[in-house]
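Following: one structure in structure tokens, then a few remarks.
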Amino acid sequence: MLDIKLLRSQPNQIQDRLNLRGGTIDLTEILALDQTVREIETRRSHLEAESNDIGKQVGKLMQSGNKDGVDIQALKDRANEIKHQIANIEPEEKVIKEQIRQLLLVIPNLPDQTTPIGKNELENIEVRNWGNEYKGLPDLLPHYDIGEKLGIMNFERAVKVSQSRFVTLLGAGAALERALIQFMLNTHAQRGYQEVLPPYLVNSASLLGTGQLPKFAEDAFKCAEDDLWLIPTAEVPVTNLYRDEVIEAEKLPIYHCAFTPCFRREAGSYGRDTKGLIRLHQFHKVELVKFVHPERSHSEHESLVADAEFILQALKLPYRVIELCTGDLGFGAAKCYDLEVWLPSANQYREISSCSNFNDFQSRRANIRFKAKKQKGTEFVHTLNGSALAVGRTMAAILENYQDAQGRVVIPDVLQPYMGREYL
RNA sequence: GGAGAGGUGGCCGAGUGGUUGAAGGCGCAGCAUUGGAAAUGCUGUUUAGGGGUGACUUUAACGAGGGUUCGAAUCCCUCCCUCUCCGCCA
């Protein structure tokens, strides 16, 4: 959520920066409503001040024993008159305030000053790449084919049990998934992230806090009987751990890593990535979440990306780092790097992690502040998060990049201790 | 699911419908004391919105939302949450 005061004080600059995203966001309505509501608010405050004053006078007169005096009745009459006047303007004030809130909630974040300007994904920037694009064997199989051939992956039965876009892992496939999760969590924990195992069902306030609601309700699964939703990412429960809290400044930065299943309706993606592990309604992800001092958020973002890259490098999977341009940035992100892993069967890179800096966008919505000792007032923290990594897509990358001439899949060195074997 | 108890500031904990943003304590900060510290003493210490360059001023907030009243932390209603006991349960 943007700061209404910033919007008020420099509407043109804000408009220009929002325009870099390419959408059409009109701020005139919200600015007009803001102007109106402030006028009403001032009037109401004055009326309430008078009313408070009368209350005190009545109190004094009552205590001095003058319970039925004429002057008391006159004061009461005046106070009732004020009450009616307030009742006349207050509903309008509430309605307008709610309108402003609703409008603010659907305005995307301002792109960071350092985010490259561009219209769409074609203008994203490749920052660096790592490893060789493995062209593979001539008879290299896509991950879903080798997975089924090895008997570690079954799509048909998952469809029977649920519906399309679900998978079942079997035997070594299930073990590999579990090994990846263990390896990722252990690595991050060693590197300073506190592990969290959060709830997988969250309330609407949490989704509002991280920005999935109100705009993207159709992307999430909802439990109709309850105010509960299946999490689309661990970002939601982990970020909201600190909702409505004031953190002591010296406790920052806070680093968490979390493994969770993620549930996404994938509305509007019919026919895309229908085969394999790439786009499922349920998948596993290890997520990194940071709460940091605003002054440090840029460097914290870089190190977050490095922590995600560390996993890819440990697994020896070729990848590249893409910095998203303003036109391709997600709703809440101010700056974002995608990590894309090499998938030889498709002869292309596919997103395996997205590392975003939200600046104070989420913390404003979720009301996550910090307070420095000796300083008056509070400030909003900056929140950052990134996948490290999407487990299913990592499995897909391993199944393709590690195929050998015998049709086996070599298990990456770092996973062998977890698997107790060298090949699938 | 049934029965009961309770939600007050960073924390603990008082609270009578009337100048209570809220006693007291802890914690924290500053000052004094000390060779230095502990102990002690004094002072200060919520957040958010509006107005003002500013000192400042004004409004709101005692789980949330309504109601009664000139006036509500205090009385009434609805909802949420927490705890205890019983039942059910991995």
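The values are calculated or read from the model by the stated rules, or taken from the named source; none is laboratory data. Everything quoted here is computed from the prediction, not taken from an experiment. Note: ideal-geometry Cβ built from the backbone for every residue, glycine included; neighbour counts use all protein chains shown. What goes into the accessible areas is simple: the full protein's heavy atoms, side chains included, and nothing from ligands, DNA or RNA. Shrake-Rupley method; radii C 1.70, N 1.55, O 1.52, S 1.80 Å.
Compare A:D328, A:D338, A:D26 in a GNM of chain A, Cα atoms joined below 10 Å, and give the one with the largest fluctuation.
Among A:D328, A:D338, A:D26, the largest mean-square fluctuation in the Gaussian network model of chain A belongs to A:D26.
For segment A:37-107, calculate the relative contact order in percent as a whole number, restricting contacts to Cα pairs under 8 Å that are 6 or more residues apart.
Computed value for segment A:37-107: 48 percent relative contact order.
How would A:D307, A:D273 rank on accessible area, largest to smallest, probe 1.4 Å?
A:D273, A:D307
Lysines within cross-link reach of A:K97: Cα-Cα under 23 Å, excluding same-chain residues under 8 positions apart?
Cα-Cα hits under 23 Å: A:K5, A:K83, A:K215.
To the nearest 0.05, how large is the calculated FRET efficiency for A:L61 and A:A87 if R₀ is 25 Å and r is the Cβ-Cβ distance?
0.50
Show me the three semi-axes of the equivalent ellipsoid for segment A:204-245, from the C-alpha gyration tensor (sqrt of 5 times each eigenvalue), largest first, rounded to whole Å.
One finds semi-axes of 17, 11, 9 Å for segment A:204-245.
Enumerate the amide H contacts of A:V196 below 5 Å, restricted to partners 5 or more residues apart or on another chain; note that Pro and chain-start residues carry no placed amide H.
A:C257, A:A258, A:F259
Mind listing the long-range amide H neighbours of A:Y349? Cut-off is under 5 Å, sequence gap 5 or more, other chains count too, H placed in the peptide plane at 1.01 Å from N.
Under 5 Å from the amide H of A:Y349 lie the amide H atoms of A:L343, each far enough along the sequence or on another chain.
Are there trypsin sites (Lys or Arg not before Pro) in segment A:320-398 that DSSP marks as loop and that have at most 13 other Cβ atoms within 10 Å, and which are they?
Filter output for segment A:320-398: A:K373, A:K374, A:K376.
Given H placed on each backbone N at 1.01 Å, which residues far from A:C262 in sequence or on other chains put an amide H within less than 5 Å of it?
For A:C262, the qualifying residues are A:F283, A:H284, A:K285.
Ordering A:T28, A:T239 from largest to smallest accessible area (1.4 angstrom probe), what's the sequence?
Output order, biggest surface exposure first: A:T28, A:T239.
Please list, in order along segment A:191-206, the HN-Hα scalar couplings obtained from phi with the Karplus expression 6.51 cos²θ - 1.76 cosθ + 1.60 (θ = phi - 60°), rounded to whole Hz, x for Gly and Pro.
Each residue of segment A:191-206 in turn: 9, x, 9, 7, 6, 10, 10, x, x, 9, 10, 10, 8, 4, 4, 5 Hz.
Check each of the trypsin sites (Lys or Arg not before Pro) in segment A:109-196 and keep only those in coil by DSSP with at most 10 other C-beta atoms within 10 angstrom; list them in order.
A:K135
Among A:D244, A:D53, A:D145, whose mean-square fluctuation peaks in a Gaussian network model of chain A (Cα, cutoff 10 Å)?
A:D53
What does the charge add up to near A:P91, with Lys and Arg as +1, Asp and Glu as -1, over the other residues with Cβ less than 12 Å from its Cβ?
For residues surrounding A:P91, the net value is -1.
Within chain A, which is the longest segment that contains none of the GluC sites (Glu not before Pro) sitting in a DSSP loop with at most 16 other Cβ atoms within 10 Å?
A:267-421
What residue among A:A249, A:A32, A:A234 shows peak mean-square fluctuation when chain A is described by a Gaussian network model with Cα springs under 10 Å?
A:A32
Using only the Cα atoms of segment A:121-419, construct the convex hull and provide its projected area averaged over every direction, in square nanometres to one decimal.
With the hull built on Cα positions only, its mean projection is 16.1 nm².
When all protein chains stay in place, what accessible area (Å², nearest 10, 1.4 Å probe) is found for A:V196?
Accessible area, nearest 10 Å²: 20 Å².
Report the accessible area of A:T274, computed with a 1.4 Å probe over the heavy atoms of all protein chains in place, in Å² rounded to the nearest 10.
For A:T274, the solvent-accessible surface is approximately 90 Å².
Skip the ligands, DNA and RNA, and give the accessible area per residue of segment A:121-419 with a 1.4 Å probe, whole Å².
I get 43 Å² per residue for this part.
Using θ = phi - 60° and the Karplus curve 6.51 cos²θ - 1.76 cosθ + 1.60, what whole-Hz ³J(HN,Hα) does each residue of segment A:329-335 get, with Gly and Pro shown as x?
Each residue's phi maps through the Karplus curve to give 5, x, 3, x, 7, 9, 7 Hz.
With a ≥ b ≥ c the root eigenvalues of the C-alpha gyration tensor of segment A:1-127, is it rounded (a/c under 1.5), prolate (a/b larger than b/c) or oblate?
Prolate, because a/c is 1.5 or more and a/b exceeds b/c.
List, in order, the whole-Hz ³J(HN,Hα) value for each residue of segment A:53-60 obtained from phi through the Karplus relation with A = 6.51, B = -1.76, C = 1.60 and θ = phi - 60°; use x for Gly and Pro.
Rounded to whole hertz, the list is 4, 4, x, 5, 4, 4, x, 4.
Find how many whole Å separate the alpha carbon centroid of segment A:368-393 from the alpha carbon centroid of segment A:255-330.
Centre-to-centre distance over Cα atoms comes out at 17 Å.
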